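See structure below.
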Amino acid sequence: MDRKLNRALADSFEGIDVQQRVDRLADWQTRAKNATSTDYDHADTVNDFYDLSTELARWGWHESFHFAPMKKGESLNDAILRHEGSMIEKLQIDSTKTVLDVGCGIGGPMRHVARTTGAHVVGININEHQIKVGQELNQAAELDHLTDFVHCDFMDMSVLESNSFDAAYAIESTAHASDKISAYEQIFRVLKPSAYFWGQETILTGEFRAERTEHQEIKDRLMGTMALYEIGSIAEVKAALETAGFKVDECDDLGRASPESVPWYMPLTGKGKFFHASRTSPLRRAYTLMTLRIVEALRLVPKGTAAATKLTAAVADASIEGGRAGIFSVLGCFLAQKSATFDVQS
């Protein structure tokens, strides 16, 4: 048994009814479908998702909770650092810039940006546990003087001033938006004229066919397990950015197969020399679930912990299924710019 994971889960679940959160997350699509405009708030579902999954993601994925294009023979960690480095270069970040991290998680990319550029990075997040962990990690890394957290929903960033950031990025966070255009409009408002916005979205590829039952079933599983209100194509991402006011310079699926690359979902399978010790492999996920059932029976972690672990494991299973079917990618990446003459008033 992993005692460190057990302690982290027990600490993160303190004061919440874990089983209730699991049940509520499991039926969020039903509630969203049957709700009136005031009965359902998708931000609550996303918050439930991260309350339940953060420590498991941290245990299996370290600090940057996102995928990256992987080259053959490359470790996932090296791929993530290279990918974030490319983002930093595209956004032209340096020590004079103030940068917005939209949906910052526990701040892995934030620390990379601050450490390598000296820029001031502000991360926004709706999840209080992730903010607490991120602040502790920033202090331990001696980067708290360059970083700040703001507790808010990216669908309503009214606490942030208009035209106040030199650059922004959103890495697999606005995938959770209930309205993509509205989320992009919020980011557009707080950016200074001429500022760049880089993002990474979950997308359906050109292979997806809505009329095929098996494709629709995979899409439903992806949305249900990952708390995604909708999944669109890369073309729809581009259209949403343009509707929000951005000029789109780049917009492409970096998860497409090539002779030099490894499938983006491979780290979840536990296969390949580059990831032989993966904590996220199906075998290790099954072992973790088994041990947590024992720990839960011994009352060392709250009731519902094993169910939360099973629900989180379903995210990996659905991702592998969508990736292998060729209809889903987590690497829909773009670079967009706010007009030099566009000035949003507060």
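The values are calculated or read from the model by the stated rules, or taken from the named source; none is laboratory data. All values derive from a computational prediction rather than experimental measurement. Here the Cβ is made from the backbone with ideal geometry for all residues, glycine too, and neighbour counts use every protein chain on show. Protein only, heavy atoms only, side chains kept; ligands, DNA and RNA dropped before computing areas. Shrake-Rupley method; radii C 1.70, N 1.55, O 1.52, S 1.80 Å.
Would you mind working out the magnitude of the charge dipole of the chain relative to its Cα centre, with +1 at each Lys and Arg C-beta and -1 at each Asp and Glu C-beta, to the nearest 20 Debye? Walk me through the numbers before you get to the answer.
On the way: 37 positive and 49 negative charges, 258 e Å.
Value, rounded to 20: 1240 debye.
Please report the antiparallel percentage of the DSSP beta bridges confined to the chain, to the nearest 5.
On the way: 16 of 37 bridges.
So the antiparallel bridges in the chain amount to around 45 percent.
For the chain, modelled as a GNM with alpha-carbon contacts under 10 angstrom, which of Glu236, Glu136, Glu260 fluctuates the most?
Glu260
Treating only the Cβ atoms of Lys and Arg (+1) and Asp and Glu (-1) as charged, compute the dipole magnitude of the range 121-213 about its Cα centre; round to the nearest 20 debye.
Working: 6 positive and 15 negative charges, 60 e Å.
With only Lys, Arg, Asp and Glu charged at Cβ, the dipole is about 280 debye.
Return the distance in nm (one decimal) between the two label points of a simple spin-label model at Ala35 and Ser182, each offset 7 Å from Cα along Cα→Cβ.
Taking the simple label geometry, Ala35 and Ser182 are separated by 1.1 nm.
If I fit a long axis through the Cα atoms of helix 180-190 and take the longest principal axis of the Cα atoms of the chain, what angle between them do I get, 0 to 90°, rounded to 10?
Helix 180-190 sits at roughly 50 degrees to that axis.
Accessible area per residue of the chain at 1.4 Å probe, in Å²?
Per residue, the chain has 46 Å² of solvent-accessible surface.
Could you state how much accessible area Trp264 has, in square angstrom rounded to the nearest 10, with a 1.4 Å probe and all protein chains kept in place?
Roll a 1.4 Å probe over it and Trp264 shows about 10 Å².
Probe radius 1.4 Å, ligands and nucleic acids ignored: give me the carbon and sulfur share of the accessible area of the range 25-111 as a rounded percent. Write down the numbers at each step before the final one.
Details: 1730 of 3700 Å².
Carbon and sulfur: 47 percent of the exposed surface of the range 25-111.
Hey, in the GNM for the chain with a 10 angstrom Cα cutoff, which one of Thr213, Thr305, Thr202 fluctuates hardest?
Its mean-square fluctuation being the largest, the pick is Thr213.
Which value in nm describes the separation of the simple spin-label points at Ser158 and Glu142, placed 7 Å from the Cα toward the beta carbon?
4.2 nm
Once fully extended, how much extra length lies between Ser233 and Glu89, figured as 0.36 nm per residue of separation less the alpha-carbon to alpha-carbon distance?
Numbers: separation 144, 0.36 × 144 = 51.84 nm, distance 2.55 nm.
Residue separation times 0.36 nm, minus the Cα-Cα distance, leaves 49.3 nm.
Give me the percent relative contact order of the chain, please, defined on Cα pairs under 8 angstrom at least 6 residues apart. Write down the numbers at each step before the final one.
Details: 608 pairs, mean separation 79.7, N = 346.
Relative contact order of the chain: 23 percent.
Summarise the accessible area of the range 279-324 (1.4 Å probe, protein heavy atoms) by the percent that is carbon and sulfur. It would help to have the intermediate numbers written out before the result.
Working: 1460 of 2390 Å².
The C+S portion of the solvent-accessible surface of the range 279-324 is 61 percent.
Determine the calculated [θ] at 222 nm for the chain from helices alone, applying -39500 (n - 2.57) to every DSSP H run no shorter than 4 residues and normalising by the residue count; nearest 500 deg cm²/dmol. The partial results should precede the final answer.
Values: 12 runs with 157 residues, N = 346.
After summing the helix terms and dividing by residue count, I get -14500 deg cm²/dmol.
Got a sec? Charge dipole of the chain, +1 on Cβ for Lys and Arg, -1 for Asp and Glu; which of Gly245, Tyr229, Phe49 is way out at the positive end?
Towards the positive end, the residue furthest out is Phe49.
For the range 189-262, state which trypsin sites (Lys or Arg not before Pro) are in a DSSP loop and have at most 15 other beta carbons lying within 10 Å of their beta carbon.
Values: sites: Arg189, Arg209, Arg212, Lys219, Arg221, Lys238, Lys247, Arg256; in loops: Arg209, Arg212, Arg256.
Filter output for the range 189-262: Arg209, Arg212, Arg256.
Could you give the size of the charge dipole of the range 71-190 about its Cα centre, using +1 on the Cβ of each K and R and -1 on the Cβ of each D and E, expressed in debye and rounded to the nearest 20?
Values: 10 positive and 18 negative charges, 81 e Å.
Computed charge dipole of the range 71-190: roughly 380 debye.
Counting other C-beta atoms within 10 Å, and keeping those with at most 13, which DSSP coil trypsin sites (Lys or Arg not before Pro) do you find in the range 1-83?
Those that pass, being in a loop and sparsely packed, are Lys72.
Considering the dipole of the chain built from charges on the beta carbon (Lys and Arg +1, Asp and Glu -1) around the Cα centre, which of Gly118, Gln19, Thr202 is farthest to its positive end?
The Cα lying farthest towards the positive end belongs to Gln19.
Over the chain, with a Gaussian network built from C-alpha contacts below 10 Å, which listed residue (Glu242, Glu250, Glu172) shows the highest mean-square fluctuation?
Of the options given, Glu250 has the highest mean-square fluctuation.
Please report, to one decimal in angstroms, the Kirkwood hydrodynamic radius of the range 1-130 built from all distinct Cα-Cα pairs. Don't skip to the end; give the middle numbers.
On the way: mean 1/r = 0.0588 Å⁻¹.
In the range 1-130 this quantity evaluates to 17.0 Å.
Set the Förster radius R0 to 35 Å, insert the Cβ-Cβ distance between Leu289 and Glu128 as r into 1/(1 + (r/R0)^6), and round the FRET efficiency to 0.05. Let's see the in-between values first.
Numbers: r = 26 Å, r/R0 = 0.75.
That gives a FRET efficiency of 0.85.
With unit charges on the beta carbon (Lys/Arg positive, Asp/Glu negative), name the residue among Leu91, Thr305, Thr341 whose Cα is farthest towards the positive pole of the charge dipole of the chain.
Selected residue: Thr305.
To the nearest 10 degrees, how steeply does helix 42-61 sit against the main Cα axis of the chain, on a 0 to 90 scale?
70 degrees
How far is helix 3-12 tilted off the main Cα axis of the chain, in degrees rounded to 10, range 0 to 90?
Roughly 60 degrees, rounded to the nearest 10.
Under the rule a/c < 1.5 gives rounded, and otherwise a/b versus b/c splits prolate from oblate, where does the range 100-165 land using the Cα gyration tensor?
On the way: a/c = 2.25, a/b = 1.29, b/c = 1.74.
Oblate shape, in that a/c is at least 1.5 and b/c is the bigger or equal ratio.
If I model a spin label as a point 7 Å beyond the Cα along the Cα-Cβ vector, how far apart are those points for His151 and Ser258 in nm?
4.3 nm
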